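Accompanying notes for the structure given below.
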Amino acid sequence: MRVLIVGCGYIGLPLGAELVRLGHDVSGLRRSTSAKKDLLAAGIKPLVGDITRPEDLAGLPASFEWVVNCVASGGGGADDYRRVYLQGTRNLIGWLGSGTPLKFVYTSSTSVYGQNDASPLSEASPAEPASETARVLVETEKLLLEAAGQRRWPAVILRVAGIYGPGRGHGFRQYLKNEARIEGNGRRFLNMIHRDDVVGCIIAALRSGRGGEVYNAVDDEPITEIDFFEWLAGRLGRGPPAIVPGDADTARKRGVTNKKVSNRKLKEELGYRFKYPTFREGYAAEILRLERAGEPGAAGCD
Ligand SMILES: NC(=O)c1ccc[n+]([C@@H]2O[C@H](COP(=O)([O-])OP(=O)(O)OC[C@H]3O[C@@H](n4cnc5c(N)ncnc54)[C@H](OP(=O)(O)O)[C@@H]3O)[C@@H](O)[C@H]2O)c1
């Protein structure tokens, strides 16, 4: 297939490398040329452009069979989200126009579920976000599904949980620096997925995802913050992080949630098998990687 990866970063780059390995013809779009060497080394054709600028897109080839939009705003507020996710997706749709991709996959986020009561969630649960930024993601999902429906494109949405893996994982990195804190009672559930499984889920969605459908991309085990850090503490032979009082108002503003997101639909419909079914396998691999690289923070684990 001729594949376009829009946003060739932490996920897009290994995704492109894997698709090349599988024999596909892969192009990767990003704004800067800073990673051009990495893209070329992975066999990905580098394209330069900003999806918030339709004039940039107009100059690019547009005949792709599979398109993956995994651009990220790099944080920022609701305005940045609106520009990069909502307007960026609108521009991509306009640009691809009447050309009909055989599959379009968009990596949304499980942050669209605002539930805060530790409830189990599926794709059928209401997506009523707690934060303004996540509301923009819901708008983006709707825009894509409506536009794709009108154009008869098979668009698939993956709602991706907190990504960790080589060099990533906020709580883990904080913990290694002795800066992690557990707010409140630590009984809030976290939902995670390893980078390699995000790549695997995207490829499964490209191959077998049904147009117009949403799939949660999350591993098998939602875990409470306290259990996560206790596991890490045991693994690294250190104490757990300090517990500090939580501020409900701040947490609400930050869109902090407490939910258990199910991957059942992804596994049943796409037949996806996780390389790292839980954070345990995934972080064990990352700790080993850090130890082998001689990173000081990871010393002391068995
Ligand atoms: N991180 C998480 O825990 C998490 C959770 C749920 C969902 N997601 C989603 O997962 C996807 C992959 O994220 P990631 O971690 O791979 O992000 P990332 O490492 O920040 O990569 C984003 C890529 O997008 C490119 N980009 C940014 N703005 C662009 C623009 N306007 N036009 C063209 N390219 C642009 C960046 O390159 P340049 O800077 O060179 O443009 C970079 O290559 C994203 O859709 C993200 O929203 C992430």
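Taking segment 1-32 as the range and being in a helix (DSSP H, G or I), within 14 Å of the ligand (Cβ to nearest atom) and touching a residue at least 60 places away in the same chain (Cβ under 8 Å) as the test, the residues that pass are P14, L15, E18. Out of all the residues in segment 182-199, is one or more surrounded by fewer than 21 Cβ atoms within 10 Å (Cβ to Cβ) and closer than 30 Å to L102 by Cβ? Scanning segment 182-199, I find at least one residue that is surrounded by fewer than 21 Cβ atoms within 10 Å (Cβ to Cβ) and closer than 30 Å to L102 by Cβ, so the answer is yes. The set of residues in segment 146-182 that are aromatic (F, W, Y) and either under 30 Å from G212 (Cβ atoms) or within 12 Å of the ligand (Cβ to nearest atom) (or both) comprises W153, Y164. Taking residues in segment 94-110 that are among the charged types (D, E, K, R), and partners anywhere that are away from the ligand (no atom under 14 Å from the Cβ), the pairs with Cβ atoms closer than 7 Å and at least 6 places apart or on different chains are K103/W66; K103/P154; K103/L206; K103/G209.
Given the criteria within 9 Å of the ligand (Cβ to nearest atom) and out of contact with any strand residue (DSSP E or B) (no Cβ under 6 Å at 6 or more places or on another chain), does S122 qualify? Spelling it out, it is not the case that S122 is within 9 Å of the ligand (Cβ to nearest atom) and out of contact with any strand residue (DSSP E or B) (no Cβ under 6 Å at 6 or more places or on another chain). Considered as a group, the residues in segment 279-292 that are of a type outside the set (D, E, K, R) and surrounded by fewer than 17 Cβ atoms within 10 Å (Cβ to Cβ) include one that is farthest from the chain's Cα centre (by Cα), and that residue is L288. Residues satisfying the criterion are absent from segment 166-182 (criterion: part of a helix (DSSP H, G or I), among the aliphatic types (A, V, I, L, M) and closer than 19 Å to C70 by Cα).
Within segment 33-49, restricting attention to residues that are surrounded by 14 or more Cβ atoms within 10 Å (Cβ to Cβ), of a type in the set (A, V, I, L, M) and outside any strand (DSSP E or B), which residue is farthest from the ligand (Cβ to nearest atom)? Going through the qualifying residues, I end up with A42. Exactly one residue out of G74, G114, G99 is in a loop (DSSP other than H, G, I, E, B) and surrounded by 18 or more Cβ atoms within 10 Å (Cβ to Cβ), and it is G114. The sole residue among T52, T89 that is over 23 Å from P166 (Cβ atoms), in a helix (DSSP H, G or I), polar (S, T, N, Q) and within 13 Å of the ligand (Cβ to nearest atom) is T89.
When every residue of segment 205-222 is checked against the conditions, at least one turns out to be β-branched (V, I, T), crowded, with 18+ Cβ neighbours inside 10 Å and not in a loop (DSSP other than H, G, I, E, B). Between E146, E128, E141, E123, which is surrounded by 20 or more Cβ atoms within 10 Å (Cβ to Cβ) and of a type in the set (D, E)? Checking each option against the conditions leaves just E141.
Can we say E132 is over 24 Å from V199 (Cα atoms), away from the ligand (no atom under 14 Å from the Cβ) and charged (D, E, K, R)? Give the steps one after another, and end with the answer.
Details: over 24 Å from V199 (Cα atoms): yes; away from the ligand (no atom under 14 Å from the Cβ): yes; charged (D, E, K, R): yes.
Yes; evaluated as a whole, the condition is true for this residue.
None of the figures in this text is laboratory data; all of them are computed from the coordinates on show. As the structure is a computational prediction, the values presented were derived from the model and not from experiment. Methodologically, a virtual Cβ is constructed for each residue, glycine included, from the backbone with ideal geometry; neighbour enumeration extends over all protein chains shown.
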